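**Student:** Sharing a structure below in structure tokens format, with a few things to ask.
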């Protein structure tokens, strides 16, 4: 009888320890972006410039998704942040400079290779500075700079690595667009080593600079601007589908033109925050002065020696 009951007893499923598959999805996306960056380098070696540039754009799109997806799935981890930074360095620090070197700068010898090294170093420094700013809350206060104020949370310090890669590849995007439009003169001008070297040096400097740039994470849009913004995005997507290289080059120009406005917005918010803090500082000084006057011999120098 016991044997018959054991035969009809429902089997229990074995339980495994470890993270769920949902927590691995952001890391899988990061790995796909890393593979895209590596494939871009390989295609650049084979002189397939359009495919190499497209894979860098794909890596940038993946980089914009994996972090947000990790926050939505509550799968953020220190491992994921470090893995994402290593992937960003290869995709946006090494690949753009190497692509431009093989496309244009290799004919200049060592002088043409120097801007590529400078761009990669600036990208590494920018990512290291970003990682250093991500500090978990500790039980004991850490010695270091104070955290950013509330208004500064919507700004990056310097140009982020994916945007820097897009700006660095602007000569290649523009040259591919001019080539499709049968404009050989402008194509040769964009492929000139001096143009590519100047773009790499300029973008590398922007990446390690302290220029505040919009992060677009907590960026709020006014209600009357929502409809024109949606229409503009629709027009840009239409151009991106029909003329992808022209749209990517235009996107680089638009982003570069937004940098002065982001700096002006940061300074305006900083002035407003300082104006709001002035009354609080004055009231705190008044309370300290009143407490000092209330105690005889303190704060006036007339106490016993």
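The values are calculated or read from the model by the stated rules, or taken from the named source; none is laboratory data. None of these values were measured; they are calculated from a predicted model. Cβ sites come from the backbone with ideal geometry, for glycine too, and all protein chains shown count toward neighbours.
**Student:** Could you check region 5-46 and list, in sequence order, the residues that are at pLDDT 95 or above and either part of a loop (DSSP other than H, G, I, E, B) or under 16 Å from residue 248 (Cβ atoms) (or both)?
**Tutor:** Those that are at pLDDT 95 or above and either part of a loop (DSSP other than H, G, I, E, B) or under 16 Å from residue 248 (Cβ atoms) (or both): 36, 40, 46.
**Student:** Could you grab me the full set of residues in region 109-163 that are outside any loop (DSSP other than H, G, I, E, B) and either farther than 24 Å from residue 63 by Cα or modelled with pLDDT under 75 (or both)?
**Tutor:** Hits for region 109-163 are 110, 111, 112, 113, 114, 115, 150, 151, 152.
**Student:** Moving on. Need the failing condition index for residue 172 against (1) in contact with a helix residue (DSSP H, G or I) (Cβ under 6 Å, 6 or more places away or on another chain); (2) within 17 Å of residue 130 (Cα to Cα); (3) not in a loop (DSSP other than H, G, I, E, B), just the number.
**Tutor:** (2)
**Student:** Consider residue 247 carefully, then state whether it is surrounded by 11 or more Cβ atoms within 10 Å (Cβ to Cβ) and under 22 Å from the mean Cα position of the chain (by Cα).
**Tutor:** yes
**Student:** On to the next question. Looking at (1) at pLDDT 95 or above; (2) within 22 Å of the chain's Cα centre (by Cα); (3) crowded, with 18+ Cβ neighbours inside 10 Å, can you tell me which one residue 176 breaks?
**Tutor:** Among (1) at pLDDT 95 or above; (2) within 22 Å of the chain's Cα centre (by Cα); (3) crowded, with 18+ Cβ neighbours inside 10 Å, the lone unmet condition for residue 176 is (2).
**Student:** crowded, with 20+ Cβ neighbours inside 10 Å and under 17 Å from residue 246 (Cα atoms): is that true of residue 185 in this structure?
**Tutor:** Here the answer is no, as residue 185 does not meet what is asked.
**Student:** Pairs under 6 Å by beta carbon, first residue over 14 Å from residue 207 (Cβ atoms) in region 89-102, partner surrounded by fewer than 24 Cβ atoms within 10 Å (Cβ to Cβ), six or more apart or different chains?
**Tutor:** These pairs meet every condition: 95/41; 98/41.
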